[in-house]
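Notes follow the structure.
The values are calculated or read from the model by the stated rules, or taken from the named source; none is laboratory data. This one's a predicted model, so the numbers in the text were calculated from it and none came from an experiment. Please note: Cβ atoms are built from the backbone with ideal geometry, for glycine as well, and neighbour counts cover all protein chains shown. Quick note on the areas: whole protein, heavy atoms, side chains included, nothing else; ligands and nucleic acids left out. Shrake-Rupley method; radii C 1.70, N 1.55, O 1.52, S 1.80 Å.
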Amino acid sequence: MSLKPDAIGKKIGPLEKAYTWKDAVTYALGVGAGFSDLQYCYEKDLKVLPSFSIVTLYDFMPELAEVSGVNLAGILHGEQELIFHNPIPPEGTLITEGAITHYYDRGKEKGAVIVAEFETRHSNGQKLFTSIATVLARLDGGFGGEEPPKEEIGFPERVPDVELSDTPSEDQPLFFRLSGDIFPLHVDSEFARMAGFNRPIMHGLCTHGFACRALIRGLVPGEPERMTRLKVRFSKPLYPGLPIKSQIWKEEEGKAFFRTVNAQTGEVVIDRGIVEWLSLEEMERKRKGEGSRFEGQVAIVTGAGGGLGRVYALELARGGAKVVVNDLGGAKDGLGGGERSAADRVVEEIRALGGEAVANHESVATSAGGEAIVESALKAFGRVDILINNAGILRDKTLAKMEPESWDGVMDVHLKGAYNVTRPAFVKMREQGYGRIVLTSSAAGLYGNFGQTNYSAAKMGLVGFMNTLKLEGEKHDIKVNTVAPIAGTRLTEGVLPPEVFEKLKPEFVAPLVLYLCSKQCPVNGAVYNAGMGFFSRAAVITGPGALLGDGKEVPTPESVAASMDRIKSLDGAQEYPNAVAAFGPMLERTRGATVEV
């Protein structure tokens with residue numbers, strides 16, 4: 001026996017496969033998609049075929065062969081089951097790990113059966129699908145193992161409820177092999193003849209993709225995300241260019257049996273097919289239920305030893321996130337006198353809830369500290385998906401009394417601190433193709449507050465930081481937003497009246513921040529006020545303005561004064577997504593300028 005007994009349960013992976021929308025489209029074209037189902041072929045609003053998940057097999061199968069010791073001369077892909085947990089995003093990295101779960105013995109003449117199961121997650125942390133591959137090892141039977149279990153599938157004795165036809169092209173294998181299966185049997189005529197075929201044959205997984213498209217078309221038109229399970233047995237080879245029919249029998253709501261047949265000969269090419277899908281109601285419940293859950297994600301929260309940061313960390317952990325709880329442990333002015341153990345206590349709280357967390361005591365005020373905070377996430381959990389920049393200090397004085405140390409100290413923690421942690425986190429998120437970043441501003445920054453010029457300048461500076469970072473992260477699915485919270489924390493204790501402080505629980509701010517951290521959040525580059533359960537959006541808007549002069553002569557101060565009502569008017573004011581867009585109306589108004597009265 002060549003099969004290695006100790007291979008069962010031995011971990012394979014993680015194996016990483018980066019892909020873009022072009023890879024998803026290449027696969028779709030390889031399984032016959034075209035203008036008739038453009039949603040799989042056009043990057044605008046692209047939907048990825050669920051069967052695209054089979055591309056992970058091309059990396060996993062060689063590892064399975066090496067671990068098991070199977071005789072490669074007798075290997076055949078017998079069955080394939082896919083369980084879909086979430087739709088596959090158009091781009092990112094697929095991270096796969098699993099193991100061989102069973103060996104079965106069919107006897108020396110019939111060979112062995114190897115069953116492997118593996119799970120694939122996206123680089124955004126989302127669990128995408130589970131794959132169960134059954135491999136026939138024709139030359140490895142007779143080792144005395146248990147027989148494979150018998151599975152009875154009772155196909156209804158009636159004509160199919162749905163029958164869909166298609167015809168792979170003569171060149172179909174040439175397209176499909178671009179997705180990873182470059183075995184010469186499907187392209188080399190001489191090799192095919194040596195293997196006993198008249199000419200190159202279709203890839204079984206290519207026919208599998210044709211079947212998947214047919215099932216979606218016949219059962220959940222235009223909604224591949226509703227498919228939850230697809231199981232098949234590969235039974236006969238098929239030559240390219242021959243017509244096929246997918247025959248579907250609906251068993252119950254959300255489940256059907258199917259087979260794919262060679263329409264010319266009647267031979268069954270794919271047999272024992274089972275497909276399951278979500279009803280419209282179940283799909284809607286799933287969308288609503290996803291909410292702000294964070295399973296498989298890693299979050300960093302700075303300044304998380306108490307107040308808002310502690311609440312954020314606890315709620316993220318309750319949602320399934322693994323959390324890095326950062327807190328230097330200093331007093332509210334950042335000069336010491338605090339508790340270094342604050343972060344450790346929050347970690348203990350998270351672990352008591354059954355969650356995973358590590359403490360970090362680095363200062364955000366240095367570049368080395370920021371790097372170390374992100375590195376602690378990577379070392380403990382291998383990734384970073386969420387960053388909440390919450391660390392802060394106060395050194396309040398009027399400008400006339402403010403020495404450089406008080407100005408610099410606040411800038412170092414709030415503005416430079418956000419840069420120090422965000423930059424290394426952003427680099428990692430960009431590699432992953434996903435991230436959520438929340439910055440913490442303040443009403444003092446947005447509107448001003450007496451005695452806080454340093455704090456106000458830093459907090460408004462974060463809005464400018466966000467406005468540009470949102471543009472740099474957009475194409476990588478990194479969303480950056482800002483919250484201006486009002487809450488009872490160690491920073492606001494003594495600043496707010498006691499009766500107000502009691503009403504400002506940090507828990508009333510957290511729901512908005514959690515939403516901004518979620519995968520479902522569609523917002524990018526927005527500022528929100530939050531406190532006491534009240535939420536509102538704040539924005540920079542630009543009024544229509546006034547054009548003075550003819551564009552050739554410089555306007556006078558007197559003309560500005562005379563036009564001040566129009567200049568300061570916000571009637572019809574607009575938001576602009578970036579500086580170029582904001583410049584457009586000005587350019588348009590001054591082109592061919594005439595004096596506006």
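How many percent of the accessible area of the chain is carbon or sulfur, using a 1.4 Å probe?
Summing carbon and sulfur atoms, their accessible area is 54 percent of the total for the chain.
Tally Lys and Arg at +1 and Asp and Glu at -1 over the other residues with C-beta under 13 Å from the C-beta of LYS22: what net charge comes out?
On the way: positive: none; negative: ASP23, GLU43, GLU91.
Neighbour charge sum, excluding LYS22 itself: -3.
Starting from the amide H of LEU238, placed 1.01 Å from N in the peptide plane, find each other amide H under 5 Å away whose residue is 5 or more places distant or on another chain.
Sorted by chain and number, the residues that satisfy this are MET202.
Based on the Cβ-Cβ distance from ASP161 to GLU371, what FRET efficiency comes out when R0 is 51 Å, to the nearest 0.05?
Step by step, r from the Cβ atoms, then E = 0.30.
Counting only heavy atoms of the protein chains, get the accessible area per residue of the chain (1.4 Å probe) and round it to a whole Å² value.
Ligands and nucleic acids excluded, the result is 48 Å² per residue.
For HIS476, HIS122, write out the residues from largest to smallest accessible area, computed with a 1.4 angstrom probe and no ligands counted.
HIS476, HIS122
Tell me which GluC sites (Glu not before Pro) from segment 530-597 have a DSSP coil assignment and no more than 13 other beta carbons within 10 Å of their own. Could the numbers behind the result be given before it?
Details: sites: GLU553, GLU558, GLU575, GLU588, GLU596; in loops: GLU553, GLU575, GLU596.
Here the sparse-neighbourhood loop sites are GLU553, GLU575, GLU596.
How do 134-140, 149-155, 303-309, 260-266 rank on mean C-beta neighbours within 10 Å, highest first?
The densest-packed peptide leads the list: 303-309, 134-140, 260-266, 149-155.
For the chain, what are the per-bin percents of Cα-Cα distances with bins 20 Å wide, up to the bin holding the maximum?
Distribution as computed: 17, 39, 29, 13, 2, 0 percent.
Roughly speaking, what is the stretch gain from LEU185 to SER2, that is 0.36 nm per residue apart minus the C-alpha to C-alpha distance, in nm to one decimal?
63.4 nm
So which trypsin sites (Lys or Arg not before Pro) in segment 517-580 pass both tests, a DSSP loop state and at most 12 other Cβ atoms within 10 Å of the Cβ?
When the trypsin sites (Lys or Arg not before Pro) of segment 517-580 are filtered for loop state and at most 12 Cβ neighbours within 10 Å, LYS552 remain.
Filter the trypsin sites (Lys or Arg not before Pro) in segment 236-281 down to the DSSP loop ones having no more than 16 other Cβ atoms within 10 Å, then list what survives.
The qualifying sites: there are none.
Among SER442, TYR576, THR366, which residue has its Cα furthest toward the positive end of the charge dipole of the chain, with +1 on Lys/Arg Cβ and -1 on Asp/Glu Cβ?
The Cα lying farthest towards the positive end belongs to SER442.
Heavy atoms only, 1.4 Å probe, whole protein assembly: order PHE450, PHE426, PHE191, PHE583 by accessible area, highest first.
PHE450, PHE583, PHE191, PHE426
In terms of solvent-accessible area of protein heavy atoms at a 1.4 angstrom probe, what is the ranking of PHE381, PHE183, PHE176, highest value first?
In descending accessible area the options line up as PHE183, PHE381, PHE176.
Under 21 Å between alpha carbons, and skipping anything fewer than 8 positions from LYS11 in its own chain: which lysines qualify?
The reachable lysines, counting only those whose Cα sits under 21 Å from LYS11, are LYS127, LYS379.
Hey, which of these cross-link pairs are over 30 Å Cα-Cα: LYS428/LYS459; LYS17/LYS245; LYS479/LYS505?
Details: LYS428/LYS459 25 Å; LYS17/LYS245 33 Å; LYS479/LYS505 26 Å.
Checking Cα-Cα distances, LYS17/LYS245 exceed 30 Å.
Within the set of other residues whose C-beta is less than 12 Å from the C-beta of ALA458, count the net charge using Lys and Arg as +1 and Asp and Glu as -1.
For residues surrounding ALA458, the net value is +1.
Under 8 Å for C-alpha pairs, at least 6 residues apart: give me the relative contact order for the chain, rounded to a whole percent.
In percent, rounded to a whole number, it is 9.
Which one, TRP21, VAL67, GLN39, projects farthest toward the positive side of the charge dipole computed for segment 14-77 from Cβ point charges (K/R +1, D/E -1)?
GLN39
Nearest 20 debye, what's the magnitude of the dipole of the chain about its Cα centre given +1 on Lys and Arg Cβ and -1 on Asp and Glu Cβ?
220 debye
With a 1.4 Å probe and all protein chains kept in place, how much accessible area does ARG158 have, in Å² rounded to the nearest 10?
Approximately 110 Å² of ARG158 is accessible to the 1.4 Å probe.
What is the dipole size for segment 130-246, taken about its Cα centre, with +1 at each Lys and Arg Cβ and -1 at each Asp and Glu Cβ, in debye to the nearest 20?
About 120 debye.
Could you point to the residue in MET429, PRO240, CYS212 farthest towards the positive end of the chain's charge dipole, with +1 and -1 charges on the Cβ of Lys/Arg and Asp/Glu respectively?
Of the options given, the answer is MET429.
Local charge sum around ARG430 (other residues, Cβ-Cβ under 14 Å, Lys/Arg +1, Asp/Glu -1)? Walk me through the numbers on the way to the answer.
Values: positive: ARG383, ARG423, LYS428, ARG436, LYS470, LYS475, LYS479; negative: GLU91, ASP385, GLU431, GLU472, GLU474, ASP477.
Local net charge: +1.
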